[in-house]
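Before any comments, here is the structure.
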Amino acid sequence: MDKKIEKIKKEIKCFHIKTYDDLETFRIKFLGKKKGIITILFKELSKIHIHKRKIFGKIINELKKETQNKINIFHYKYKNDDHKNDKDAKFDPTIPGKSVEIGSRHPLSILNNRIIDLFMKIGFTYVDGPEIEDDWHNFTALNIPIFHPSRDMQDTFFLCKNPDILLRTHTSSVQIRYMKKHKPPFRILSIGKVYRNETISSRSNFMFHQAEGFYIDKKVSFSNLKQTIHYLITSLFGKAKIRFRPSYFPFTEPSAEVDIYCNNEWIEIMGCGMVDPQVFKNVNIDAEIYSGFAFGLGIERLALIIYKMKDIRIYFDNDIRFLKQFKSEF
Ligand code: PHE
């Protein structure tokens, strides 16, 4: 019996299948319903002594598997072949595979990931926030009064049917969402799209990206904020001239804007400041115990400087010739 099995095994292995006709002959020879070699072996199994039946059953099953495999492999190789019935059809393993084109990361994504990496290194946690916001998270809780110009229909995309719902105008709404749910201390970074009803130009768009960072703890000071911004800018640019310009935001006090000196001009890249006690009150954090800083960074602006571009529209044109130049590093 062993010899017989060995012989069949060899026959299966050596059977040359070049065409679909060969395949059919092969199938009938081994698995044919009436006279297939393996089919007959299965039939004989019942005549074998019960002790040996188990062992031989296993062996025959193996043979069947091998046969089936061989059939499957042929099918797989020829499934897209137009010459299925061509008697001379040959499988040529030397034909090179079809190459899959691999894209590259978008320059803004590369920059976002780089910023996330830098903040992870200094203990920040990354969180996401919704782009569709309500008035309270985007404005009221951030101490933005009801008649503030940014709430104007001309500046914010409100939902016509429900003016309480809007496309967030900044990522500062993430501060509110996070602070409402968590007790300090925390260091948070969030990056995402924001929307403003602005005319499209080389420096502005109705949609752009912001990175929001905030750090709340006991005794957080303005110098912590300056140090953090300094760390970010020097990590991205090496040595760079930056300045903090006094400014105003309803949700920070004091507030500042940060500019970078580049090509003989100062370019504004972010707003920042110490979280206003009124904001803490709105999210039930004790302003007597905790203090913190927050900043909102314009990603496209930063990308213009880093990649030496002049017009932010280039990031949204989807011109592959431009996009494919970017590697994960800069
Ligand atoms: N949200 C502000 C803006 O979009 C930026 C900012 C964030 C300012 C955090 C201060 C603190 O202009």
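Within the stretch 175-191, residues that are in the same structural domain as GLN278 (by TED's automatic domain parsing) and modelled with pLDDT under 95 have Cβ atoms under 8 Å from residues that are open to solvent by 90 Å² or more (accessible area, probe 1.4 Å) and within 13 Å of the ligand (Cβ to nearest atom) in no pair, counting only partners at least 6 apart in sequence or on another chain.
Entry remark, the stretch 138-156: residues being closer than 24 Å to GLU300 by Cβ, more than 13 Å from the ligand (Cβ to nearest atom) and either charged (D, E, K, R) or modelled with pLDDT of 95 or more (or both) number 2 in total. Here the condition is being at pLDDT 95 or above and part of a strand (DSSP E or B); of PHE295, PHE280, it holds for PHE295 alone. LYS183 - would you say it is more than 16 Å from the ligand (Cβ to nearest atom), out of contact with any strand residue (DSSP E or B) (no Cβ under 8 Å at 6 or more places or on another chain), open to solvent by 40 Å² or more (accessible area, probe 1.4 Å) and not in a strand (DSSP E or B)? For LYS183, the condition - more than 16 Å from the ligand (Cβ to nearest atom), out of contact with any strand residue (DSSP E or B) (no Cβ under 8 Å at 6 or more places or on another chain), open to solvent by 40 Å² or more (accessible area, probe 1.4 Å) and not in a strand (DSSP E or B) - is met.
In the stretch 265-274, of all residues being open to solvent by 10 Å² or more (accessible area, probe 1.4 Å) and within 16 Å of the ligand (Cβ to nearest atom), the one that is farthest from ARG114 (Cα to Cα) corresponds to MET274. Summed over the stretch 286-318, residues that are in contact with a Pro (Cβ under 8 Å, 6 or more places away or on another chain) and either within 16 Å of the ligand (Cβ to nearest atom) or open to solvent by 10 Å² or more (accessible area, probe 1.4 Å) (or both) total 4. I'd like to check something: does the stretch 166-179 contain any residue that is open to solvent by 70 Å² or more (accessible area, probe 1.4 Å) and within 21 Å of ASP128 (Cβ to Cβ)? For the stretch 166-179, residues open to solvent by 70 Å² or more (accessible area, probe 1.4 Å) and within 21 Å of ASP128 (Cβ to Cβ): present. Scanning the stretch 187-237 for residues being assigned to a loop (DSSP other than H, G, I, E, B), out of contact with any Phe, Trp or Tyr (no Cβ under 7 Å at 6 or more places or on another chain) and of a type in the set (Val, Ile, Thr) gives a total of 1.
Against the criterion of being in contact (Cβ under 8 Å) with a residue 24 or more places away in the chain and assigned by TED's automatic domain parsing to the domain that holds THR199, PRO246 does not qualify.
Just a yes or no: is a residue in the stretch 134-149 within 30 Å of SER235 (Cα to Cα), out of contact with any Cys (no Cβ under 6 Å at 6 or more places or on another chain), open to solvent by 70 Å² or more (accessible area, probe 1.4 Å) and not in a helix (DSSP H, G or I)? Looking for residues that are within 30 Å of SER235 (Cα to Cα), out of contact with any Cys (no Cβ under 6 Å at 6 or more places or on another chain), open to solvent by 70 Å² or more (accessible area, probe 1.4 Å) and not in a helix (DSSP H, G or I), one finds none in the stretch 134-149, hence no. Conditions first: (1) in a strand (DSSP E or B); (2) at pLDDT 95 or above. GLU268 passes all but one, so which condition is the exception? Checking GLU268 against (1) in a strand (DSSP E or B); (2) at pLDDT 95 or above, the one that fails is (2). The test for being assigned to a loop (DSSP other than H, G, I, E, B), at pLDDT below 95 and surrounded by 14 or more Cβ atoms within 10 Å (Cβ to Cβ) does not hold for SER99.
The values are calculated or read from the model by the stated rules, or taken from the named source; none is laboratory data. Note that the coordinates shown come from a computational prediction; the quantities given were computed from them, not determined experimentally. Cβ sites come from the backbone with ideal geometry, for glycine too, and all protein chains shown count toward neighbours. Please note that ligands, DNA and RNA were not included when accessible areas were found on the heavy atoms of the full protein model with its side chains. Shrake-Rupley method; radii C 1.70, N 1.55, O 1.52, S 1.80 Å.
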